[in-house]
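Read through the structure below, which is laid out as structure tokens, and then see the notes.
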Amino acid sequence: LKAKLFVIFIFLVLTVLSVWQATNVRLQFVIEDVFPDDSYIPEWISMTGYYFPTQLFQGGVYLKSGLDYELPATQQKLAEMVSSIESSRWLESEVDSWLMRFLEWRVLCADDILSAADCAGYSSSNSFYRNLRAFVETPYGQDNKNDIVWGANAGLDDPPSATRLQFSHPAWLAGEASDQEDCVADMRDMVEASGLDAFPFGQDYVFWEVW
């Protein structure tokens, strides 16, 4: 009888221990483990996360063709989406929005606040898109040049074929896979809520979406 009770006791202890361990299992994807030991990629991830955390996880919102950016309604939707993303916990810094910077540039040039070089090509009589083409060629707008793409046959007064907004995710997202999954889901919800023909993406989303 004592032997049976002892066996039952051990069984119960192991059962309780197993249940406790199961409730503490955490879903986690450590990308460094995918690469061989002699690869430089894990070292790059480690150094970037420590020394350049704002460059570790890059994300963006890609806006498709057919958007008329000169319309106040489109600008308002884009501004609200940017505000929503920036107020979330998934961002390390502000969204780099070419549209907000361009609108600011037009005001500064109209008020003669910027230098002649920074306002080269600007004219109050130009169309929205002619001024936008001038903006990306100036020192003030050069950083956003690669965020705006026109088709090969686009006219000077035609809208871009595609544009993007860029931002950085916080380095702590390297930890929990559940946070990574929530980040992608929330980014999708915020972009879809804008009503714009757009989608969020970053190279790390490829791994984060596997869950």
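The values are calculated or read from the model by the stated rules, or taken from the named source; none is laboratory data. Everything numeric in this text was worked out from a predicted model, so none of it was measured. Cβ placement follows ideal geometry from the backbone for every residue including glycine, while neighbour counts extend to all protein chains displayed. With ligands, DNA and RNA removed, areas are computed over all heavy atoms of the protein, side chains included. Shrake-Rupley method; radii C 1.70, N 1.55, O 1.52, S 1.80 Å.
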Residue check for residue 143: over 26 Å from residue 167 (Cα atoms) and open to solvent by 50 Å² or more (accessible area, probe 1.4 Å): no
Considering residues of the stretch 182-211 that are open to solvent by less than 80 Å² (accessible area, probe 1.4 Å) and over 14 Å from the mean Cα position of the chain (by Cα) only, the residue farthest from residue 164 (Cα to Cα): 207
Residue within the stretch 137-145 that is in a strand (DSSP E or B) and modelled with pLDDT of 95 or more present: no
Lone unmet requirement of (1) part of a helix (DSSP H, G or I); (2) in contact (Cβ under 8 Å) with a residue 40 or more places away in the chain for residue 179: (2)
Selected residue (criterion: most open to solvent (accessible area, probe 1.4 Å)) from residues of the stretch 146-181 that are among the polar types (S, T, N, Q) and touching a Ser or Thr at 6+ places or on another chain (Cβ under 7 Å): 161
